[in-house]
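K.L.:
Sending over a structure as structure tokens; questions will come in a sec.
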Amino acid sequence: MENQEGTQQPHLVLAHKLFLLTHPDVQDIEKVRLKEEVLTTIKSDDMVPLYEALVAESLLEKDQSLLDSMRSKNEDELKKLDEKLVVNGLMKEACKNDSVKIQSIYVGVLFWLFYRIADAEENLGESEVREAHLAKSLFYIRIGDKEKALEQLKVTEGKTVAVGQRMDLVFYTLQLAFFYMDFDLISKSIDKAKNLFEEGGDWERKNRLKVYEGLYCMSSRNFKKAADLFLDSISTFTTYELFPYDTFIFYTVLTSIISLDRVSLKKKVVDAPEILTVIGKIQYLSEFLNSLYDCQYKSFFSAFAGLTEQIKLDRYLHPHFRYYMREVRTVVYSQFLESYKSVTIEAMAKAFGVTVDFIDMELSRFISAGKLHCKIDKVAGVLETNRPDAKNALYQATIKQGDFLLNRIQKLSRVIDL
């Protein structure tokens, strides 16, 4: 899963195609193209475990000759991994002996590699041994064998001393975890990386980790923390293996809109030079952001409608599509009502370019859910805002916390008396 700077990790591109392949909103003709591209990638990387999994799910048809061919290529690749190591005499004799028959090619190659690595540990330095184990780890990652890749990464970690190299192993694990959307593994790996940084580590890797953690937070619906992490990484972004810079800005704007107040949004997003240089390349995004800040609600709804398809077809945002739609509407309705003590439903409907019935139905849902602080006078056709008093809310919170503290003190006093 190694990648060059500026290019997305190919297996994460493949993961997105697999997501689209099972998406109900993707047209059948598009799925035919996606299936061909997925199969091409599997062939190029000889991804036997993934191919077998997709066949089992009926996403691909089984081709036994292709399967045998990929297994054969995996055998050759595993042999190449060991070219730099010195083969001990015992293995040489075993390979020359025609009576030695290895029934399973896959098992046989692993047997071969095991002894050659063992020989390297006896005859070569620590760096050569580590490189041999790392090569084997990357091989398992490339062919899509998750369990064996994780096992081999642990072995490689045991041979690794430098903090930076151990961090790189965590990044490999995170990429593998994002491919399979294994949130438990992602969480543990991020915690592990943070612990490693306490031992040292360079700023480049620390900044990369922020983007990984931000993507995890966004994927687990913690948009506030995701926005903070993304905004901290704008000027230092180098995590091209996860996604292109344009996609990073797309995520940053989307998470910031529902997380930041107006002043922070203006300072950190609307006027940010890094965002301004890219936002025009992403369809509807500039209009979506600026129309919200400029209170052009009709334009905002138009841009929002254009963005919904992109959000729905995004692998990380799709599970939170309905939630995000609600949160964005809460932000824009709250901003509109902030300027009024009372306003007619008709005026609000006109500002948003929708019907009165639509606004009435929308606001009823948000008010009943406690998202908007207003009430509807249906007879007069008026909305009356009843924003909570901040000082009164603070007073009530203080009283509640004080009662809780007194209860704890009373319980503690009983224990001391005993």
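The values are calculated or read from the model by the stated rules, or taken from the named source; none is laboratory data. Because the structure is predicted, anything quoted here is derived from the model rather than measured. A quick note on method: Cβ atoms are made from the backbone with ideal geometry, for glycine too, and the neighbour counts reach across all protein chains shown. Accessible surface areas use protein heavy atoms only, side chains included; no ligands, DNA or RNA. Shrake-Rupley method; radii C 1.70, N 1.55, O 1.52, S 1.80 Å.
K.L.:
So Ser187 clears everything in (1) out of contact with any helix residue (DSSP H, G or I) (no Cβ under 6 Å at 6 or more places or on another chain); (2) free of Cβ contacts under 8 Å to residues at least 24 places away in the same chain except one condition, right? Which one?
P.N.:
That leaves (2) as the condition not met.
K.L.:
Please go through region 297-322 and give me each residue that is open to solvent by less than 60 Å² (accessible area, probe 1.4 Å), more than 15 Å from Gly353 (Cβ to Cβ) and not hydroxyl-bearing (Ser, Thr, Tyr), ordered by number.
P.N.:
Leu307, Ile311, Lys312, Leu313, Asp314, Arg315, Leu317, His320, Phe321
K.L.:
Here is a follow-up. Do any helices (runs of 4 or more DSSP H) lying entirely in region 125-211 carry at least 3 residues that are of a type in the set (Ser, Thr, Tyr), and which ones are they? Steps first, answer last, please.
P.N.:
On the way: elements: 126-143, 146-158, 163-180, 183-197.
So the answer is 126-143, 163-180.
K.L.:
How do the pairs read when you match residues in region 272-291 that are closer than 17 Å to Asp232 by Cα with residues anywhere that are assigned to a loop (DSSP other than H, G, I, E, B), using Cβ under 9 Å and keeping only pairs 6 or more apart or on different chains?
P.N.:
Glu274/Phe237
K.L.:
State all residues of region 275-286 that are under 22 Å from the mean Cα position of the chain (by Cα) and crowded, with 16+ Cβ neighbours inside 10 Å; if no residue qualifies, say none.
P.N.:
Ile275, Val278, Ile279, Ile282, Leu285
Here's the yes/no breakdown for (1) in contact with a Gly (Cβ under 7 Å, 6 or more places away or on another chain); (2) within 28 Å of Phe19 (Cα to Cα):
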site: Leu153; (1), (2): no, yes
site: Asp168; (1), (2): no, yes
site: Gln175; (1), (2): no, yes
site: Phe183; (1), (2): no, yes
site: Lys188; (1), (2): no, yes
site: Lys194; (1), (2): no, no
site: Asp202; (1), (2): yes, no
site: Leu209; (1), (2): no, yes
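K.L.:
Assuming Asp294 fulfils every condition listed in (1) in contact (Cβ under 8 Å) with a residue 60 or more places away in the chain; (2) open to solvent by 10 Å² or more (accessible area, probe 1.4 Å); (3) not hydroxyl-bearing (Ser, Thr, Tyr) apart from one, which condition is it?
P.N.:
Tallying (1) in contact (Cβ under 8 Å) with a residue 60 or more places away in the chain; (2) open to solvent by 10 Å² or more (accessible area, probe 1.4 Å); (3) not hydroxyl-bearing (Ser, Thr, Tyr), Asp294 fails exactly one: (1).
K.L.:
Tell me which residues, restricted to region 97-154, are surrounded by fewer than 16 Cβ atoms within 10 Å (Cβ to Cβ), modelled with pLDDT of 70 or more and among the aromatic types (Phe, Trp, Tyr).
P.N.:
Passing the criteria: none in range.
K.L.:
Return the residues of region 9-43 that are under 15 Å from the mean Cα position of the chain (by Cα) and outside any helix (DSSP H, G or I); say none if nothing qualifies.
P.N.:
Gln9, the sole residue that qualifies.
K.L.:
Filter region 242-274 down to residues that are more than 17 Å from Val328 (Cβ to Cβ), touching a Phe, Trp or Tyr at 6+ places or on another chain (Cβ under 7 Å) and open to solvent by 10 Å² or more (accessible area, probe 1.4 Å), then give me how many there are.
P.N.:
Final tally of qualifying residues: 2.
K.L.:
When only residues in region 371-395 that are open to solvent by 100 Å² or more (accessible area, probe 1.4 Å) and under 28 Å from Tyr323 (Cβ atoms) count, which is modelled with the highest pLDDT?
P.N.:
The extreme case among them is Lys375.
K.L.:
Something else now. What number of residues in region 34-68 are under 20 Å from Arg315 (Cβ atoms) and surrounded by 12 or more Cβ atoms within 10 Å (Cβ to Cβ)?
P.N.:
Result for region 34-68: 14.
K.L.:
Another question, if that's okay. Would you confirm whether any residue within region 328-346 is among the charged types (D, E, K, R), within 37 Å of the chain's Cα centre (by Cα), modelled with pLDDT of 90 or more and surrounded by 13 or more Cβ atoms within 10 Å (Cβ to Cβ)?
P.N.:
Looking through region 328-346, at least one residue is among the charged types (D, E, K, R), within 37 Å of the chain's Cα centre (by Cα), modelled with pLDDT of 90 or more and surrounded by 13 or more Cβ atoms within 10 Å (Cβ to Cβ).
K.L.:
List the number of the failed condition for Gly402; all other conditions in (1) farther than 28 Å from Ala226 by Cα; (2) open to solvent by 40 Å² or more (accessible area, probe 1.4 Å); (3) in a helix (DSSP H, G or I) hold.
P.N.:
Of the numbered conditions (1) farther than 28 Å from Ala226 by Cα; (2) open to solvent by 40 Å² or more (accessible area, probe 1.4 Å); (3) in a helix (DSSP H, G or I), the odd one out for Gly402 is (2).
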